[in-house]
Amino acid sequence: MSSLSIRPVSSKPDRKAFIDLAYRLNGDDPNWVAPLRDEVASTIDPAKNGWFSHAEAQLFLAERDGKVIGRISAHIDRLALEMPPEQGFGPGTGFFGLYEAEDRETSDALIARAEQWLRDKGMARAIGPVSLSIWEEPGLLVKGYDHPPTVLMGHHPPRYRDWIESAGYAPVKKLVTYELDITGPFPPLIQRVIAAGHKNKRIHIRQVDKKRFAEEAAIILGILNDAWSDNWGYVPLTQPEIDDVGKKLKPLVYEDLIRIAEYDGEPVAFMITLPDFNEALKPLKGSLFPFGWAKLLLWLRKPKAVTMRVPLMGVVKRLQSSRLASQLAFMMIELIRIEAVKHYGSSRGEIGWILDDNQGMIAIADAINSRINREYLIYAKPL
């Protein structure tokens, strides 16, 4: 009779097996985009992921008859422990993530092992899947299986939802993404709002300067941590994380696609847009060899992307209830829309993820005729 075992990842071969499993289990899904193996390896390497400066994680493998059939991470974010409980995390909250399983029995055993690790660390509640940081790939896909994810978004088999819920987890937050046609102008009312903004001499919308990358990143980080500080699930984004993400994303930074809004000379809002790197990545199936590296270099030099993704935008907290906040957002969106169509051949935009109770962002998405195309659930369970 076959036996199932769960063991901690403890060696380089174990880490390779942990990474490789996702490619075997998801390889037949036409909408799964295989990440570059080196990028996944960096995510789980404390020396290459700044998140580990305030967090710890244990990876586990599931095996049956010597074959790896599942994986999971159990992790604790010390900054998340310091957050107010009413914002989602707080004392006693641990996480699981990087979850993949071949069958329900394996899923149950993996989740139970992750929970036990968290209990042994003094945690009283588990939240997941969060892989690994809330700023990376949070949530389980529950709507949008019929199309590939955009850059930095997750994609999961439908069966995982039932397995996680049957293990006693209940949804605590929904994250959504919105898609929209960007080939034409926005509705007349929005055009008037944008036109009025351009006439206001107190407003200046500028491109970022890639030659001042560190300085621009610091400006955006300051706005981000202020703008998002009251949101559910907020954990401060730290400088080590910014440094590592900067190294990873710098090749995808195009000055005309990232904007900073200034009011009376003060930076008060930003919008980051990325060409959908997954469009170039998908045909490579996770490997740069033999010719994948050359194809990616050519694409990065002058990308053509059907889709542009807006992963992050924010307005300083003191302006969030004002009309100026939405005006600045519409102005940045329109400026980037024009550049995306003209210089990158784009026809589609995707905004998010967005918390499903973020009324300000939802109102902006609705005003420019966007529609929800993907939904993710974050689950919780008392331990």
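The values are calculated or read from the model by the stated rules, or taken from the named source; none is laboratory data. None of the values given here were measured: they were computed from a predicted structure. Don't worry about glycine lacking a Cβ; one is built from the backbone with ideal geometry, like all the others, and counts go over all protein chains shown.
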What about GLY50, is it under 22 Å from ARG125 (Cα atoms), surrounded by 13 or more Cβ atoms within 10 Å (Cβ to Cβ) and in contact with a Pro (Cβ under 8 Å, 6 or more places away or on another chain)?
-> no
Selected residue (criterion: surrounded by the most Cβ atoms within 10 Å (Cβ to Cβ)) from residues of region 1-42 that are part of a loop (DSSP other than H, G, I, E, B) and touching a strand residue (DSSP E or B) at 6+ places or on another chain (Cβ under 6 Å) | VAL9
Within the bounds of region 364-382, is there any residue that is under 30 Å from LEU98 (Cα atoms), without any contact (Cβ under 8 Å) to a residue 60 or more places away in the chain and buried (at least 16 other Cβ atoms within 10 Å of the Cβ)?
-> no
So which of SER346, SER326 is in a helix (DSSP H, G or I), among the hydroxyl-bearing types (Ser, Thr, Tyr) and closer than 26 Å to PRO138 by Cβ?
-> SER326
ASN231 vs (1) among the polar types (S, T, N, Q); (2) in contact (Cβ under 8 Å) with a residue 60 or more places away in the chain; (3) touching an Asp or Glu at 6+ places or on another chain (Cβ under 9 Å): all pass except (3)
Selection count where residues are at pLDDT below 85, in a helix (DSSP H, G or I) and surrounded by 14 or more Cβ atoms within 10 Å (Cβ to Cβ), scope region 277-299 = 5
Determine whether region 238-250 contains at least one residue that is touching a residue at least 24 places away in the same chain (Cβ under 8 Å) and outside any helix (DSSP H, G or I).
-> yes
Please state which of the following conditions TYR99 fails to meet, knowing it meets all the rest: (1) within 17 Å of the chain's Cα centre (by Cα); (2) at pLDDT below 95.
-> (2)
Search result, residues across region 195-251 that are hydrophobic (A, V, I, L, M, F, W, C) and touching a Pro at 6+ places or on another chain (Cβ under 8 Å) | ILE219, ILE223
Check region 58-67 and report whether any residue there is loosely packed, with under 15 Cβ neighbours inside 10 Å, closer than 15 Å to ALA101 by Cβ and free of Cβ contacts under 8 Å to residues at least 12 places away in the same chain.
-> yes
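Tally up the residues in region 165-211 that are among the basic types (Lys, Arg) and assigned to a loop (DSSP other than H, G, I, E, B), please.
So the count comes out to 2.
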In region 81-112, which residues are outside any loop (DSSP other than H, G, I, E, B), out of contact with any Ser or Thr (no Cβ under 6 Å at 6 or more places or on another chain) and more than 22 Å from ASP65 (Cβ to Cβ)?
-> LEU81, PRO85, GLU86, GLN87, THR93, GLY94, PHE95, PHE96
Matching entry among ALA261, ALA269, ALA218 (being assigned to a helix (DSSP H, G or I) and either out of contact with any Leu (no Cβ under 9 Å at 6 or more places or on another chain) or of a type in the set (A, V, I, L, M, F, W, C) (or both)) = ALA218
Just wondering, is there one or more residues in region 129-152 that are farther than 30 Å from LYS342 by Cβ, outside the structural domain of ALA112 (by TED's automatic domain parsing) and not in a strand (DSSP E or B)?
-> no
Residue among SER3, SER42 that alone is under 20 Å from LEU237 (Cα atoms) and either over 26 Å from the mean Cα position of the chain (by Cα) or not assigned by TED's automatic domain parsing to the domain that holds LEU249 (or both) = SER42
